[in-house]
Each structure stands twice: as structure tokens, then as C-alpha cells.
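Each remark here refers to the structure printed beneath this line.
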Amino acid sequence: YSIANVTRRLLGVEFTHTLSKNTFYQFRLNRMETDYENHPGRARNPKIVKVIGQVELDETPFGWIDSPENPLNIIGVGHNFARAQDTSKVITWTGKLDLTSQLDRWHLLKAGVEMITYDYDMNFGDVFNLGQVFLRQIWSAHPKQFAAYAQDKIEFNAMIANVGLRLDYFDPSGNWIVYAPFERAFSAKNRDTRNEQLATSPTEKQLSLSPRLGISFPISLNSKLFFNYGHFRQMMTARELFQIEEETRGNVVSVGNPNLALQRTVAYELGYEQNLFNRLLLRLSGYYRDSD
């Protein structure tokens, strides 16, 4: 098989500043880099290295061999299974600023903004001997996410309620191809001229609101009920957004769509907690999630 190395580098800084006895803010900035290095290993010695009875053996499965014709390489180990190459790089920047303030004895206000940028520099695929390219993926993308939120924690007579609202903005950046349901440019015979045949248009920006609600209230001195409800948004994978996949013949079998809506999950949770003998806490809960 190919030799695969994945290197991850994470750098981060966090700063907290107290403005008063009731208010502080916190700033966080992170940079995550992932480098892929995937390539065939060292060359295989094609000579026979050991004989067991009448069976002659070479170095299989170790090492790379550029010809599957070797009779000792019956299943193609080190050839068909070792042609993957990958020099991709992904860099993610995440910045977040939060402000927390205790307004009075009943209200704790928290608000903030967040920014996430992605740099995809993809270059991976399979390569036969003599440099013949097979199912190569070479593309780059630079999507961006921004968010702002506000939340109020309300405490009144042992009842606690968290009420919040989050605003998400997603920008895939750049242009994307425009095509018909039965696009002829995706056929194998149009592989070399596909880019010239397909028009492009700017990608779509998205804006969405997500409500959040959590309530906890006592029903006795040692027990309480709680309920949580919220909408959550998540970006689709880079493959689902930006990758165009081909078969060996050159025909397209799947096309990403950067205009896909952010995946939405609506979650509900209902639970009960009971203090047992001031030593154990019994928690029972059920939840329901719906994703689209």
C-alpha cells in the first residue's frame, strides 16, 4: 500500500479581560493546518529472496513495483494498491469574541460573534506507472462562515431559563458550474473539453436564524424537570460542496453543490432529575432530533 503521513498543526491564543465586577469578555483565535503526504513506498526488489519447498518468494507485499506482470505479484499488491498520491493541505482559521455580563440578580446576558475561514488546496488521486494519471482531484475552495448570537439566562425563584438566538451566514466564495439534469459535458467523450463547455455563475450566500430555549424548574425540594429546544446549523463536507468525481473512463458520476443549504438539526430534550439521599443524582431524559 501507499505510505501515508498526516501532519496536523494547531496554534491558538486566548485572552480574557474583566471590565467590571459584573462584565468580562473573552477572545479566542485558532489556526488548524492539516498536511497530507501520500505516495508509493520504496522500490521492490523483483528478485527471488526466499524459496520454501517449490514456492519462490520475492519481497511481496513490501515495496513498490511498476509492473503487475510479475508472476509473484498475483493480487497486485504494491502496484494496484499502492498508486495513491496525496499532497493536499487544509487550513482553518477560527476567531470568536464573547461578552458576558450579569445585568441584575435575574439576568445574565451573553453575546458574541464568530468567524471561520477554510482554505482547501486539494491534490490527490491515483497514478499508474509512467506517470499516467487516474482519477486525479485538483481543486481549491475558500468558504467562509460568520455568526452572531445573544443569550439571556433568567433565574427566578429556582427556575432557570436560557433564551437565545443565533444568526449564521455562509459564503462558499467564487463561482460554480451551471449544468442541466442530463448534461452532455459530463460524458466521457467530453472529458478534455468539459471546462470550456460549462458556464459558471457566482455561488449563493446564505443567512439563517436559529432559536434556542432551555427551561429548568423544580417540582419539589429534591427534584426538577427540564426541557431544551434548539436549531443548529452545520456546513456540509467539502466533498459534498466542491468535489467533481469521475469514473475511470472519464465520465462524471457525482457533482458537488456549494449552494447546498447549511445542514439544520432541530433538537428536543425532556428530562427529570432526582436527588437521592443527598448522595446520588438520578437523571432520566429523552430526546428527539430531526436533521435536513
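Key figures for this structure:
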read-out	value
GLU196 being surrounded by fewer than 14 Cβ atoms within 10 Å (Cβ to Cβ) and under 27 Å from GLU247 (Cα atoms)	yes
Selection from the range 22-62 of residues that are in a strand (DSSP E or B), more than 30 Å from ASP119 (Cα to Cα) and touching a residue at least 24 places away in the same chain (Cβ under 8 Å)	THR23, PHE24
Scope the range 30-76; condition open to solvent by 90 Å² or more (accessible area, probe 1.4 Å) and either of a type outside the set (A, V, I, L, M) or at pLDDT below 80 (or both); matching residues	GLU37, ARG42, LYS47, LYS50, GLN54, GLU56, PHE62, GLU69, PRO71, ILE74, ILE75
Selection status of ARG8, within 33 Å of the chain's Cα centre (by Cα), open to solvent by 70 Å² or more (accessible area, probe 1.4 Å) and modelled with pLDDT under 95	no
Residues of the range 167-185 satisfying the condition of being free of Cβ contacts under 8 Å to residues at least 60 places away in the same chain and closer than 17 Å to HIS231 by Cα	LEU167, TYR169
Strands (runs of 3 or more DSSP E) wholly inside the range 135-241 containing at least 3 residues that are at pLDDT below 95, among the basic types (Lys, Arg) and within 25 Å of the chain's Cα centre (by Cα)	none
Qualifying residue in the range 114-122 (condition: of a type in the set (Phe, Trp, Tyr), modelled with pLDDT of 90 or more, assigned to a strand (DSSP E or B) and under 23 Å from GLY250 (Cβ atoms))	no
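The values are calculated or read from the model by the stated rules, or taken from the named source; none is laboratory data. Just so we're clear, the structure is a prediction, and the values are computed from it rather than from any experiment. Cβ: placed from backbone, ideal geometry, glycine included. Neighbour counts: every protein chain shown. We work out accessible area using only protein heavy atoms, side chains counted, and drop any ligands, DNA or RNA first. Shrake-Rupley method; radii C 1.70, N 1.55, O 1.52, S 1.80 Å.
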